[in-house]
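I have placed the structure first, in the form of structure tokens, so that the comments after it can refer back to it.
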Amino acid sequence: MGLAGKRIILGITGSIAAYKSAFLTRLLIKEGAEVQVILSASALDFISPLTLATLSKRPALHQFQKDETGVWNNHVELGLWADLMLFAPLSANTLAKMANGHCDNLLLATYLSARCPVWFAPAMDLDMYQHPSVRKNIQTLQSFGNRLLDAESGELASGLSGQGRMMEPESIVKEIKGFFESGQDFKGKKIGLTIGPTQEAIDPVRFISNHSSGKMGYALAEAFLERGAEVWVISGPISIPVSKDKFHWKDVHSAQEMFEAAQDIHEKMDVMVFAAAVADYAPAEVAPEKIKKQGDSLQIHLKKNVDIAQELGKQKKPNQIHVGFALETENEKEHAVDKLNRKNFDLIVLNSMKEKGAGFRLDTNRVSIFSKNGQVVESEISPKKEIAGMILDQIKKESSWTLV
Ligand code: PMT
């Protein structure tokens, strides 16, 4: 069961090789993968959804709307759900659409929404496969980071012989297994993360909070998962698209709730990452009814919140790693290093409010990472996903575990 727990979207397009997709589905299921089949309209001319639904044990999807009910198949959710999206077979037509950002069916909309690796196994006649436009489209997909499973040579449906046969299902499954096994350097590790803002109630309709979107924290959660870890996420209120069922997920509002949830899991974690922007103060009392407008000013008395990272830092065991974040506006390095020591972090990730392209809400960040021995690494402005990968690399270096 080399693919246990892995979620694969199998995109099938209009090609005679679609009959092989039934074998491919069966092999993936046998390896323990969860397979969601999505067909293009022309794929239906070659293979029936009934066959694929039976083999995959899930409805095989091909349209946005479910049976004219007005209920739709959500391509964004599908794109987030998958660990890998595989097009097999990929026709010249869908290849051209993918290369040019077309979005006229569920399969293409899911492709454009997918955050996971995308692989494609073309199948077409030999002259089509060598046509300059097809070669150019393949290169375009590769330039997007999509991986080509090159067509094999042999007898083709046209009766001609040459390169154009879809890679055999057994070989595709072997590639997929190799891929998932190779990147699993956090396999067996348990990771806890706090992400997003906290909300501290003033009255039933108002609260104190901050601008954290949860993007940095969620990018970290996904990176740990991709690298084989089991991940516990404790999230303040966020509104970015997330796929909660991939994780042990707990939604919280206040700093106190976040602390209690973190305390519950802390002991069994190998790594805790404190990426949440926790409110340092909360109203001393929450008004039971909406506070009415009165006079020219209003004073709200605040009390100090628990410092989650600092409290759990006191309970840290020698084999545990704690990673904190620092969001500063002045004397950045000094404050970050002070927090590293005060909160007993092993690493602290400093992001600056002053830096364009870094910090709250954006898809990019720029960070400096410090350990107890000084500055370890400094990033360029990069997507939060890449920053997350860099943080994981540093955690790996910091750890004394023997990771694969
Ligand atoms: O969510 P995004 O929009 O993607 O933005 C990402 C981010 C800027 C929120 C994130 O990268 C970040 O910097 N998070 C920490 C922000 C923060 O609260 O920093 P701080 O310097 O106030 O806190 C230092 C550390 O102590 C942090 O690890 C924080 O989680 C932790 N802390 C702080 C206060 C508190 N009461 N409890 C805590 O655990």
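Going by the structure shown, is GLU285 over 28 Å from MET353 (Cα atoms), without any contact (Cβ under 8 Å) to a residue 40 or more places away in the chain and more than 12 Å from the ligand (Cβ to nearest atom)?
Considered against the rule, which asks whether it is over 28 Å from MET353 (Cα atoms), without any contact (Cβ under 8 Å) to a residue 40 or more places away in the chain and more than 12 Å from the ligand (Cβ to nearest atom), GLU285 comes out as yes.
Out of all the residues in the stretch 21-28, is one or more assigned to a loop (DSSP other than H, G, I, E, B) and surrounded by fewer than 17 Cβ atoms within 10 Å (Cβ to Cβ)?
The answer is no; no qualifying residue exists.
Could you list, in sequence order, all residues of the stretch 190-239 that are within 14 Å of the ligand (Cβ to nearest atom) and part of a helix (DSSP H, G or I)?
Initially, the stretch 190-239 is screened for residues within 14 Å of the ligand (Cβ to nearest atom), giving 192-200, 208-223, 233-239.
Within the stretch 190-239, LYS215, MET216, GLY217, TYR218, ALA219, LEU220, ALA221, GLU222, ALA223 qualify.
Can you tell me which residue in the stretch 376-391 is surrounded by the most Cβ atoms within 10 Å (Cβ to Cβ), limited to those that are under 19 Å from the mean Cα position of the chain (by Cα) and farther than 11 Å from ASN365 by Cα?
By that ranking, first place goes to ILE391.
So LYS293 clears everything in (1) basic (Lys, Arg); (2) modelled with pLDDT under 95; (3) surrounded by 11 or more Cβ atoms within 10 Å (Cβ to Cβ); (4) closer than 24 Å to GLN199 by Cβ except one condition, right? Which one?
(3)
Please go through the stretch 352-382 and pick out each residue that is without any contact (Cβ under 8 Å) to a residue 40 or more places away in the chain and under 20 Å from GLU222 (Cα atoms).
Residues satisfying the conditions are ALA358, GLY359, THR364, ARG366, VAL367, ILE369, SER379, ILE381, SER382.
All but one of (1) modelled with pLDDT under 95; (2) over 21 Å from PHE224 (Cβ atoms); (3) assigned to a loop (DSSP other than H, G, I, E, B); (4) not hydroxyl-bearing (Ser, Thr, Tyr) hold for ASN319, so report the exception by its number.
Among (1) modelled with pLDDT under 95; (2) over 21 Å from PHE224 (Cβ atoms); (3) assigned to a loop (DSSP other than H, G, I, E, B); (4) not hydroxyl-bearing (Ser, Thr, Tyr), the lone unmet condition for ASN319 is (2).
Exactly one condition in (1) more than 12 Å from the ligand (Cβ to nearest atom); (2) surrounded by fewer than 17 Cβ atoms within 10 Å (Cβ to Cβ); (3) under 30 Å from ALA82 (Cβ atoms); (4) in contact (Cβ under 8 Å) with a residue 40 or more places away in the chain is false for GLU267; which is it?
Going through (1) more than 12 Å from the ligand (Cβ to nearest atom); (2) surrounded by fewer than 17 Cβ atoms within 10 Å (Cβ to Cβ); (3) under 30 Å from ALA82 (Cβ atoms); (4) in contact (Cβ under 8 Å) with a residue 40 or more places away in the chain one by one, GLU267 breaks only (3).
Among all residue pairs at least 6 apart or on different chains, which show Cβ distances below 9 Å where the first residue, located in the stretch 131-156, is free of Cβ contacts under 8 Å to residues at least 12 places away in the same chain and the second is of a type in the set (Ser, Thr, Tyr)?
ARG135/TYR129; GLY154/SER161; GLU155/SER161
The values are calculated or read from the model by the stated rules, or taken from the named source; none is laboratory data. As the structure is a computational prediction, the values presented were derived from the model and not from experiment. In this analysis, Cβ positions are derived from the backbone assuming ideal geometry, glycine residues included, and neighbour counts consider all displayed protein chains.
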